[in-house]
Structures are given as C-alpha cells and as structure tokens.
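Following: one structure in structure tokens, then a few remarks.
The values are calculated or read from the model by the stated rules, or taken from the named source; none is laboratory data. For clarity, every value in this text was computed on a predicted model and none was experimentally measured. Note that each Cβ is placed from the backbone with ideal geometry, even for glycine, and that neighbours are counted across all protein chains shown. Calculation scope for accessible area: heavy atoms of the full protein, side chains included, ligands and nucleic acids excluded. Shrake-Rupley method; radii C 1.70, N 1.55, O 1.52, S 1.80 Å.
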Amino acid sequence: MHLNYGNSQFIMHSSGSLYWPSKEVLLIADVHFGKIDHFRKNGSALPNEVSLENFKKLDRVIDEFQPKGIIFLGDLFHSTQNRDWDRFTAWVKEQSIKMTLVVGNHDIIPSYYFEDLGIEVVPSLNIDTLFLSHHPEEKQGFWNICGHLHPGYRLRGQGKQQLKLSCFYKKKYQLILPAFGAFTGHFLIEPEDNEDVFILAENEVLSLR
C-alpha cells in the first residue's frame, strides 16, 4: 500500500518494512535479532527456527525491492552477542547494501562491532524533511518515522472473536512502524479520529478507514 508525505511516496509492505522508492531505501524497525536465543539461554523452550525466520524475511524483502540501502530504526539486536550475532555477521558479509543503524534502547552491543561490519551507527537521522529515530519523537518542521512501540490493533468480530495484528500507526506528524522481528509482541493502540491504522494481513496491508 502506498503512502504519500509531501513530495515523497512510500510503500508499506506486509513484512512491516517501509520502502522509500525515490531513495531506494528500506526502513525496518525492531528486528530484535537474538531474542529467541536469549530466552532459550534462560530456559524457555522456544524453537530455533523462529530466529532463522528473521533472516529469511529480510532476504525476501530485499529480493522484492532490490534496495541500495537499509536503515534499521533501532532494536536491531535484543541483547548481547549470541548465536544470532554470528549469523548476522555472515549475513551482512553476503550483502552489497549500505546499512545504517539508528540506535535503540536494546542496542547494547558496542557500536564498533557494527562499524567493523561496515554499518553506520547514528543516534538519529535527518533526510530531507524526515526525522528518523527509534523512539517516537516530535521535531518541529519534520515528519518522524520511528519504531519502538511494536504497534498492534485488536480486530473484534461478532461474538467474542478477537484477532491481534501488527500495524503501521500514522499520526499527524509521525509514522510508527510495526516490529519487523518474530516473537516481539504488540502494544495495542486506540487511534484517535485524525489518525490512521494500516494492519498487516497475510500478504497485504489494509487501511482501517
């Protein structure tokens, strides 16, 4: 689904990524690499395949859009290095894409580890009239694209049926991306009348308006 802001057009993808065609850049928030291994290490019986799905999902989106760059909007890794770090290192070395990490609250791995892989690490980023950050922030004169919240929306059917789905959450001067990673959970939102929600449903993005 397409989304316009000023003179810029974006594509909201069912993966939760946002593609910026004029810049040939993918924006991705909250992958949380290493989260599965972190919980497994602490005794949770979680399948290792869930961790691998994040890499497969990234590959599918890259194959579809063929971007020249990826900007990760924070929480690329959930914790310190574990087996996912080795997988990530190998994955990055296979790519020919410029990568930038906007640091999130979970990104506690030292910046030089990413920089040694050729990944630029920044606290935030201004591009044209866009302000890219991890946490939702207001900056006068800019439209903020961010992550952190893992926005989700509760669909209610007849009776007691309920379904929680990830979503893009558009406010007046802000777009909050859904969490890209598997096993990340949702923060259920209650949009106001002047706000838009775009839910991720199977292989498409649907507006609630």
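Within the accessible area of the chain, what % is carbon and sulfur when the probe is 1.4 Å and the other protein chains stay in place?
Looking at the chain in its full context, I get 47 percent from C and S.
Looking only at the chain, where both bridge partners belong to it, what percent of the DSSP beta bridges are antiparallel (to the nearest 5)?
The antiparallel fraction comes to roughly 60 percent.
Check F131: other-chain or 5+ apart residues with amide H under 5 Å from its amide H, H built from backbone geometry?
Here W143, N144, I145 satisfy the definition.
In debye, nearest 20, what is the charge dipole magnitude of the chain about its Cα centre with +1 on Lys and Arg Cβ and -1 on Asp and Glu Cβ, if you could check?
About 420 debye.
Full extension from E120 to K172: what is 0.36 nm times the residue separation minus their Cα-Cα distance, to one decimal in nm?
Full extension from E120 to K172 adds 15.8 nm.
So, R0 is 30 Å and r is the distance between the beta-carbons of Q140 and N203; what FRET efficiency does that work out to, to 0.05?
0.20
With a cut-off of 8 Å between alpha carbons and a minimum separation of six or more residues, what is the relative contact order of segment 139-198 in percent?
Relative contact order, segment 139-198: 39 percent.
Under a 5 Å amide H to amide H cut-off, with H placed in plane at 1.01 Å, what residues pair with M99 once short-range neighbours are removed?
The answer is I70, E120.
Below 8 Å between Cα atoms, with a sequence gap of 6+, how large is the relative contact order for segment 80-185 in percent?
RCO, segment 80-185: 17 percent.
Which of the listed residues, I11, P151, L101, is farthest toward the dipole's positive end in segment 2-207, when Lys, Arg count +1 and Asp, Glu count -1 at the beta-carbon?
P151
How much length is gained on full extension from N7 to T129, taking 0.36 nm per residue of separation minus their Cα-Cα distance?
Residue separation times 0.36 nm, minus the Cα-Cα distance, leaves 42.9 nm.
Is the chain best put as rounded, prolate or oblate by its Cα gyration tensor, with a ≥ b ≥ c the root eigenvalues, rounded for a/c under 1.5, and otherwise prolate when a/b is larger than b/c, oblate when not?
Verdict is oblate for the chain.
Based on the Cα gyration tensor of segment 113-209, what are the three equivalent ellipsoid semi-axes, each the root of five times an eigenvalue, rounded to whole Å and given largest first?
28, 18, 10
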